[in-house]
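The values are calculated or read from the model by the stated rules, or taken from the named source; none is laboratory data. Remember, predicted model here, so these are calculated numbers, not experimental data. Cβ placement follows ideal geometry from the backbone for every residue including glycine, while neighbour counts extend to all protein chains displayed. Please note that ligands, DNA and RNA were not included when accessible areas were found on the heavy atoms of the full protein model with its side chains. Shrake-Rupley method; radii C 1.70, N 1.55, O 1.52, S 1.80 Å.
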Amino acid sequence: HDPITPVSARVDVADLLKGPKGTTVHIKIMRIGIKEPIPLTIVRAAIPTNSISNTLMIRPGVGYIRIKDFTSTTVRELDESIDKLKEQGMQKLVLDLRMNPGGLLDAAVGVADHFLDKGQMIVYTKGRTPDSAQEYTAPGKHVKFDLPLVVLVNRGSASASEIVARSDRLMATRM
């Protein structure tokens with residue numbers, strides 16, 4: 001790539017650094033007080049982005065899971081979090097979706113599937129044409145979580161988090 005100069009720094013530097021995992025990119029950085037640029041070689045790697053930011057027991061028997069957004073890893077992360085909390089003696093769960101802007105519809109369906117019976121309605125989408133309507137029901141791919149559950153939402157909860165919170169038989173608590 002071309003050198004990034006102060007004039008061209010308006011482009012997204014992250015885009016220039018992205019590339020296939022394991023490949024290298026050579027850059028030079030300037031530091032205040034040092035006249036010459038410092039050459040660096042960076043090896044590209046996958047950067048994990050977890051959608052579950054907290055999994056913990058808030059008191060004996062009460063688990064807490066905070067989902068900050070819905071991504072391709074959310075369902076797997078939720079499975080792991082539930083297993084971890086059950087091993088710690090969870091008997092009730094607080095699922096925190098506050099300030100969750102949403103994300104992937106498939107992830108929302110996968111999360112809701114944990115708490116619903118197979119075939120229960122999760123969400124219905126309707127487009128401009130009659131054939132664009134689609135009904136999403138719980139596929140029954142996950143062992144149903146049948147312990148007491150509280151879902152926290154607020155004004156910052158949108159899109160996929162609203163779908164999960166409003167799924168049939170889930171009761172959301174506004175905080």
Read through the list (1) in a strand (DSSP E or B); (2) out of contact with any Phe, Trp or Tyr (no Cβ under 8 Å at 6 or more places or on another chain), then give the number of the only condition that Gly110 fails.
(1)
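What residue, of Ile47, Ile38, Ile58, is modelled with pLDDT under 90, more than 18 Å from Phe115 (Cβ to Cβ) and of a type in the set (A, V, I, L, M)?
On the way: Ile38 fails: modelled with pLDDT under 90; Ile58 fails: modelled with pLDDT under 90.
After applying the criteria, what remains is Ile47.
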Those residues that are among the aliphatic types (A, V, I, L, M), open to solvent by less than 10 Å² (accessible area, probe 1.4 Å) and either farther than 19 Å from Gly110 by Cα or not in a helix (DSSP H, G or I) (or both), I need them from region 62-84; list them, please.
Ile65, Ile67
Within region 30-61, count every residue that is open to solvent by 50 Å² or more (accessible area, probe 1.4 Å) and either part of a strand (DSSP E or B) or hydroxyl-bearing (Ser, Thr, Tyr) (or both).
11
Scanning region 16-29 for residues that are open to solvent by 90 Å² or more (accessible area, probe 1.4 Å) and not in a loop (DSSP other than H, G, I, E, B), which turns out nearest to Gly102 (Cα to Cα)?
His26
Being within 21 Å of the chain's Cα centre (by Cα), free of Cβ contacts under 8 Å to residues at least 60 places away in the same chain and closer than 24 Å to Met57 by Cα: is that true of Leu78 here?
yes
